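As structure tokens, the structure follows; a few thoughts come after it.
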Amino acid sequence: MTALSGVLGRIPAAERGETRIADRVVAKIAAQAAKEAIDEPPKEGASPRATVTVHRDTARVRVSLELGYPTDIGRQCGAVRRRVIERVRALAGMEVPEVAVQVERLHPAGASAAAQGRIR
């Protein structure tokens, strides 16, 4: 038995190293979770984007998104917050004490149909 195998045999596997999840990975999880939470994403709208600051096992998230109009903005933002917290906790094992949701643009429901009517 070598000295290394003797040491490894006494230290539990969970304590031999650390797992670090990059901020950009957590941001992708958050952006996908935000996309899943939106009831009806606008057809011409951009996909949600997220930026994340990770400190140990805590992630602070900022999500930017676009919504269809009319919609209950408060309800949609609440759904995004809940889903982001749930998915980051489940997939990355991190606590999320803060999710800031920024609505960047509202897309009227009939805008694309009206624009197409004018083109013809």
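No lab work stands behind these numbers, since they all come straight from the coordinates. Values in this document were obtained by computation on a predicted structure and should not be read as measured data. Glycine gets a Cβ as well: all are built from the backbone with ideal geometry, and neighbour counts include every protein chain shown.
Can you tell me how many residues in region 79-101 are in contact with a strand residue (DSSP E or B) (Cβ under 9 Å, 6 or more places away or on another chain), surrounded by fewer than 17 Cβ atoms within 10 Å (Cβ to Cβ) and either among the polar types (S, T, N, Q) or within 12 Å of Val26 (Cα to Cα) (or both)?
The number of residues fulfilling the criteria is 2.
Please go through region 50-74 and pick out each residue that is surrounded by fewer than 13 Cβ atoms within 10 Å (Cβ to Cβ) and under 10 Å from Asp23 (Cα atoms).
His55
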